[in-house]
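Q: Okay, handing you the structure first.
What follows draws every value from the coordinates through simple rules; no lab data is involved. Here the structure is a predicted model, which means the values were calculated and not measured. FYI the Cβ positions are ideal-geometry reconstructions off the backbone, even for glycines, and counts take in every protein chain you see.
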C-alpha cells in the first residue's frame, strides 16, 4: 500500500542539513568538517484537515505497513500540490527516502470527519 | 391561497399548550462548516459540521383569572432556589398558523437567560433566551 494519495491542507518542509561537525577552539576559531556530500534529515509535516474517517484510517494502515518508523517510502506527487517551484525542492534529495518520524495523529472532529497530522523525516 | 404571515399568526406553545400573552418569538438556526480546502485549490470548499438552534421570546407578565402565568413558568426555569438540573428543559413549539395549517418547529430547550423588570407606566415583560438541545422533534415550517 502506497502513502495515501490526498492533497494536504497544510505542508511544512524543513530542508535538512549536510553532515557537518563544528569544532570551536578556546580562541573562538571554528573548524568545520564535512562528513558527507548529501543533504539529509529533511522534515515534512503534512496536515489533512476534515477528511473522512476512511481516509484517516488509510494513514494508520500505511503506518502499519511501514512497521511504524522503520520502513522508508516515497510520496505521491499530490502531496506537493500547490507548490509551483521544482517538485524536487520540497522532496527528499537523491539517495534519501521518507520514513515516519512519529505516528500519525488523528483528531476526531465530528462523526465521520477527522484531521490527520503526519510527520516525516528524510533518511539516507 | 396566497398568505403572508404576520404576528397575528404566531404563537408559542409550552408542552403543547399555547402560551398566552406572547409578544414575540424568534428562532435562529446555524450550521458550522468545516473547511476542506487543500493546497492547490483556488476556491474554498466545506463540508457541513454541527448545527444548532437558539432563539428568544418575549411574554407579558400576566396572570389570568385562574392565576396561570406562563411567563412565570418560563422564568422559574432559571430563577429558582435550587440549581438548574439536566431535567430543567422545556418543550417549546414555535408556530405560525393560517387557521387551518400549522407551521411548527418543536424542540426541547434549556432556558439560558431570562430578564424581567417593572417600570412606571410600562407593562412588565419577561424576555427569555433559549438554546435548543438535540434535534427538533417537529419541523413543518
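Q: Is it fair to say residue A:81 is within 14 Å of chain B (Cβ to nearest Cβ) and either over 26 Å from residue A:19 (Cβ atoms) or in contact with a helix residue (DSSP H, G or I) (Cβ under 9 Å, 6 or more places away or on another chain) (or both)?
A: Yes: the conditions hold for residue A:81.
Q: Step by step: first the residues of the stretch A:72-81, then only those that are touching a residue at least 24 places away in the same chain (Cβ under 8 Å) and loosely packed, with under 15 Cβ neighbours inside 10 Å, then the one that is nearest to residue A:42 (Cα to Cα). Which residue is that?
A: If we take residues in the stretch A:72-81 being touching a residue at least 24 places away in the same chain (Cβ under 8 Å) and loosely packed, with under 15 Cβ neighbours inside 10 Å, then A:74 is nearest to residue A:42 (Cα to Cα).
Q: Right, here's the next one. Does residue A:5 satisfy being farther than 26 Å from residue B:50 by Cα, touching a residue at least 24 places away in the same chain (Cβ under 8 Å) and within 14 Å of another protein chain (Cβ to nearest Cβ)?
A: The answer is yes for residue A:5.
Q: How about the stretch A:37-61: which of its residues are in contact (Cβ under 8 Å) with a residue 60 or more places away in the chain, away from every other protein chain (no Cβ under 14 Å) and over 14 Å from residue A:101 (Cβ atoms)?
A: If the condition is that a residue be in contact (Cβ under 8 Å) with a residue 60 or more places away in the chain, away from every other protein chain (no Cβ under 14 Å) and over 14 Å from residue A:101 (Cβ atoms), then A:38, A:61 are the ones that fit.
Q: Would you mind listing the strands (runs of 3 or more DSSP E) fully within the stretch B:1-112 where at least 1 residues are at negative phi and touching a helix residue (DSSP H, G or I) at 6+ places or on another chain (Cβ under 6 Å)?
A: So the answer is B:46-60, B:89-97.
Q: Now for a different question. When you scan the stretch B:39-61, do you find a residue that is farther than 30 Å from residue A:81 by Cα, in contact (Cβ under 8 Å) with a residue 60 or more places away in the chain and within 14 Å of chain A (Cβ to nearest Cβ), even just one?
A: Yes: the stretch B:39-61 contains one or more residues that are farther than 30 Å from residue A:81 by Cα, in contact (Cβ under 8 Å) with a residue 60 or more places away in the chain and within 14 Å of chain A (Cβ to nearest Cβ).
Q: Name every residue in the stretch B:113-138 that is touching a strand residue (DSSP E or B) at 6+ places or on another chain (Cβ under 7 Å) and not in a strand (DSSP E or B), in order of residue number.
A: B:123, B:124 - these are the residues of the stretch B:113-138 that are touching a strand residue (DSSP E or B) at 6+ places or on another chain (Cβ under 7 Å) and not in a strand (DSSP E or B).
Q: Return the only residue of A:87, A:27, A:114 being exposed (fewer than 13 other Cβ atoms within 10 Å of the Cβ) and within 14 Å of chain B (Cβ to nearest Cβ).
A: Answer to the selection: A:87.
Q: In the list A:120, A:124, which residue meets the criterion of being closer than 14 Å to residue A:44 by Cβ, touching a residue at least 60 places away in the same chain (Cβ under 8 Å) and surrounded by 14 or more Cβ atoms within 10 Å (Cβ to Cβ)?
A: The unique qualifying residue is A:120.
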